[in-house]
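A short worksheet on the structure shown next.
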Amino acid sequence: MDNNSKHVREPLVHLTRRLNVSARFAWLIRIGAFVLSILVCCLVSCLLSGKVSFGFFFKHLFEGAFGSGMLVRALLRDLSILLLLALAVTPCFEMRYWNIGGEGQAMMGAFGCALIVSYTSGKMPVWGTIVLSFVTALVMAVIWAVIPALFKAKWNTNETLLTLMFNYIAICLGAYLIKKVVPMGTGILNFDSGTLSSLGSGDFWIIVSAAVVMTVVMFVYQKYSKHGYEISVVGEAPNTARYVGINTKRVVVRTLFLCGLISGLVGFLLVSVKDASFLSDSTMQSTVAGRGFTAVLISWLAHFHPLAMVLTSFLVVFITRGATQVGNMARLGNSYAGMMVGIFFFFIIATEFFINFKIHFRPKAEKKPHETAPTEPEQKPVARDPE
């Protein structure tokens with residue numbers, strides 16, 4: 001044996017990628033992670049407050065989401081808004097264009113709607129104000145989405161940083177509008193006329209119908225249209241896309257145009273249908289209220305599948321509304337619901353890791369018998385011949 005050779009020890013833990021993972025196995029892991037996240041949320045709640053027991057937690061968790069018909073309608077309405085924002089960013093992610101600007105794009109849609117309602121309400125017919133505010137919301141959101149796309153196509157800029165910064169610019173523009181319209185106000189614009197909500201109580205059906213229609217349209221667009229095929233090719237193999245004649249720059253701009261349209265629709269629904277108000281201030285509170293950032297996780301966890309996003313959106317809204325009820329009844333503070341959603345996301349994201357990778361531990365080394373030095377054979381005395 002060479003004295004200079006070194007004994008190489010295997011690492012204690014190493015990972016291998018799972019191949020041919022079955023759908024049944026993946027869903028069992030996801031369901032187990034969801035159940036475990038709820039149990040951990042319950043345990044944390046019990047530790048935070050002596051008032052919370054297991055029965056108290058689960059009772060108010062489900063009451064906050066399904067306790068009455070009004071709460072169920074509110075859950076479906078919030079689900080629809082979150083789903084629409086997830087649908088808006090999904091084509092971008094499938095194209096590997098990391099658009100983190102859904103929050104700002106929806107905010108600019110809300111800004112355009114609030115701008116028109118503020119300055120035209122009472123000066124023109126109500127339906128004229130509604131139509132003009134709808135068109136303005138779409139245009140503003142499209143502009144906000146296409147500007148980073150043009151920079152990406154022309155100079156190959158980092159779209160993640162650019163779209164992220166555009167979120168905060170949109171919030172500041174909204175705060176400027178409020179200060180301009182009501183300099184001495186409370187930081188929120190309330191609209192008594194010029195919105196769809198002022199015409200009747202059909203806000204629930206309008207929002208839910210828009211989410212259903214857009215989900216079906218996005219599913220067909222991704223799976224069966226030429227544009228959807230080009231998006232997938234550009235995302236998976238951009239060099240191949242250029243080789244077969246796909247104009248990748250045009251695909252990027254076109255996809256962000258579509259993203260802006262859906263985000264603008266969300267902004268219009270929030271201002272003109274759901275809230276009949278517009279909020280934006282320097283503390284980064286806004287009408288969109290962070291839903292654009294949550295939608296990024298919704299889309300990613302559903303693997304960019306529109307129908308699967310319905311389930312992931314429902315789970316997030318269910319935990320948010322249920323945890324809010326638990327927090328209110330136990331007086332755990334305003335940040336309690338956000339913490340519970342964070343625990344849920346932690347477990348679900350970890351689930352994707354265990355679905356795709358397998359952990360191996362170093363086996364214990366077998367004990368070898370001690371080696372003993374060979375003994376020399378005994379020498380027999382040699383008999384001498386007598387003289």
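All of the numbers you see were taken from the coordinates with simple rules; none came from a lab. Owing to the predicted nature of the structure, the values given are computational and were not obtained by experimental measurement. Every residue, glycine among them, receives a Cβ derived from its backbone with ideal geometry; neighbour counts consider all protein chains shown.
Once the Cα atoms of helix 159-181 and of the chain are each reduced to a long axis, what angle between those two axes, in degrees from 0 to 90 to the nearest 10, is obtained?
30
Within the range 144-165, find all residues whose amide N lies under 13 Å from a label point positioned 7 Å from the Cα of residue 172 along Cα-to-beta-carbon.
165
So what's the back-of-envelope 222 nm ellipticity for the chain, counting only DSSP H runs of four-plus at -39500 (n - 2.57) apiece and dividing by all residues, rounded to 500?
After summing the helix terms and dividing by the residues of the chain, the value is -22500 deg cm²/dmol.
Per Stokes-Einstein, at 25 °C and 0.890 mPa s, what whole-number D in µm² s⁻¹ belongs to the range 158-202, with the Kirkwood radius over Cα pairs as the hydrodynamic radius?
In µm²/s, the coefficient rounds to 189.
Give me the Å³ per residue figure for the convex hull around the C-alpha atoms of the range 22-361.
168
What is the Cα centroid distance between the range 260-322 and the range 147-182, reported in whole angstrom?
Comparing the Cα centres of the range 260-322 and the range 147-182, I get a distance of 18 Å.
How far is helix 54-66 tilted, in degrees, relative to the longest principal axis of the Cα atoms in the chain, given as a value from 0 to 90 rounded to the nearest 10?
40
Taking Rh as the Kirkwood radius computed over C-alpha pairs, what is the Stokes-Einstein D of the range 108-187 at 25 °C in a medium of viscosity 0.890 mPa s, expressed in µm² per second?
Calculated translational D: 175 µm²/s.
Would you mind calculating the gained length between residue 127 and residue 14 on full extension (0.36 nm times residue separation, minus the Cα-Cα distance), in nm to one decimal?
Full-extension gain reported as 34.3 nm.
Would you mind checking the pairs 152/179; 226/274; 223/249; 152/226; 123/180 and listing those with alpha carbons more than 28 angstrom apart?
152/179; 226/274
Kirkwood-based Rg over Rh for the range 324-366 (C-alpha set), two decimals?
1.37
Sorting check: for 291-300, 171-180, which peptide has the highest mean count of neighbouring beta carbons within 10 Å, and how do the rest follow?
291-300, 171-180
Past the 25 angstrom mark, what percentage of all C-alpha to C-alpha distances in the range 39-169 do you count?
53
With angles folded into 0 to 90 degrees, how steeply does helix 248-268 sit against the dominant principal axis of the chain? Use alpha carbons for both and round to 10.
60
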